[in-house]
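Worksheet: one structure, shown below.
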Amino acid sequence: MPRLTIKAVTHPSNAHRDEFMACCLLIADGAINRIERRECTKEDLEDDNTYVLDQGGQLDAYKCNFDHHQLVDGRLDCTVSLIIESHFDLRLADAEKAWKWLRLTTLMDDRGPQAVARDALKAAVKDLGIDVAVTDETEVPALTEWMAGKVSPVEVTVTRWFAEHDVVTENHAIWPLMRRIGAEKLEYFDLFAERLHYLDENGVFNIIKDGMFYFDARCVDRGDEPKMAVEDFLKDIDSDVPITVTHAPRGGISLYARNNDKRFDFTQIKDMDVVSFAHKGGHFAVIADHCAPLPYIKLAMV
């Protein structure tokens, strides 16, 4: 018996991370087996077996219509964020924690690079305490250009490859790559949630001095992405925790000063025999596995 075709219809012309990632996640979930890059029709919007992505002016999960351009001001949405919430039934806040690319993807797609650059400048000015007015008319070409340079060259090549096709099916070379990308993201989301729980159960806070602690996450094996979720776990901790301790992937113990905390400078221990690496910025060092971290943390205090 022939298999039912469940397709996604997304816009033609240039491809963007937004609809590309939505397609990858749907492929990995087994929700679609064909992608058509063309203008959608009324029939597409009424067809329950057609996912209409990033066009069509409708958001209706029951009919598989996922466009965000018609949504009211004040919401921050893009097609992949709608898919994550409505198709996968995930909390967007949880997804943004696990997938660091998601928040910026939504902002860039919803508001554009100039607006995002202005917001970044406003935040920097506020953090630095600089008395400079940043308005909606402020142009920030240097920051916008810098943000454009942060896009991976691999992503540029892959999305251009995707854009070359009017139709993509399981028979096309890009399909298994898209399936792998989507599957890796979904798997990582589950691993990330498990890691947060594991750190809560097994991580250890140790005293550096009164009111100051380091977080020891060596409960996580060296070969199991030892730094995964550590920073996100600590964001919800209402204590002074400037240092994290983890297994270094290539051997040794990593000592890391969070947010480049200037109370610590690990170049102060760089000449010790047990120190295999100390970053010249002072925020990171690797000591031998047999060492107790606390003495070296204290030696790095400024």
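The values are calculated or read from the model by the stated rules, or taken from the named source; none is laboratory data. This structure is a prediction, so every number in the text was calculated from the model and none was measured. Because the Cβ atoms are built from the backbone with ideal geometry, glycine has one as well, and the counts that use them run over all protein chains shown.
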Conditions first: (1) in contact (Cβ under 8 Å) with a residue 40 or more places away in the chain; (2) within 21 Å of residue 166 (Cα to Cα); (3) part of a helix (DSSP H, G or I). Residue 44 passes all but one, so which condition is the exception? (1)
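To keep it simple, each residue is scored yes or no on (1) in a strand (DSSP E or B); (2) aromatic (Phe, Trp, Tyr); (3) in contact with a Pro (Cβ under 7 Å, 6 or more places away or on another chain); (4) closer than 26 Å to residue 12 by Cβ.
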{"site": "146", "(1), (2), (3), (4)": "no, yes, no, no"}
{"site": "160", "(1), (2), (3), (4)": "no, no, no, yes"}
{"site": "178", "(1), (2), (3), (4)": "no, no, no, yes"}
{"site": "187", "(1), (2), (3), (4)": "no, no, no, no"}
When the stretch 210-221 is examined, which residues are found to be at pLDDT 95 or above and either outside the structural domain of residue 293 (by TED's automatic domain parsing) or charged (D, E, K, R) (or both)? 216, 218, 221
When you scan the stretch 142-149, do you find a residue that is without any contact (Cβ under 8 Å) to a residue 24 or more places away in the chain, closer than 24 Å to residue 19 by Cα and acidic (Asp, Glu), even just one? yes
Scan the stretch 26-37 residue by residue and report those that are buried (at least 21 other Cβ atoms within 10 Å of the Cβ) and assigned to a helix (DSSP H, G or I). 26, 27
Name the residue that is nearest to residue 233 (Cα to Cα), counting only residues in the stretch 92-122 that are aliphatic (A, V, I, L, M) and at pLDDT below 85. 120
A careful count of residues in the stretch 246-278 that are in contact with a strand residue (DSSP E or B) (Cβ under 7 Å, 6 or more places away or on another chain) and part of a loop (DSSP other than H, G, I, E, B) gives 6
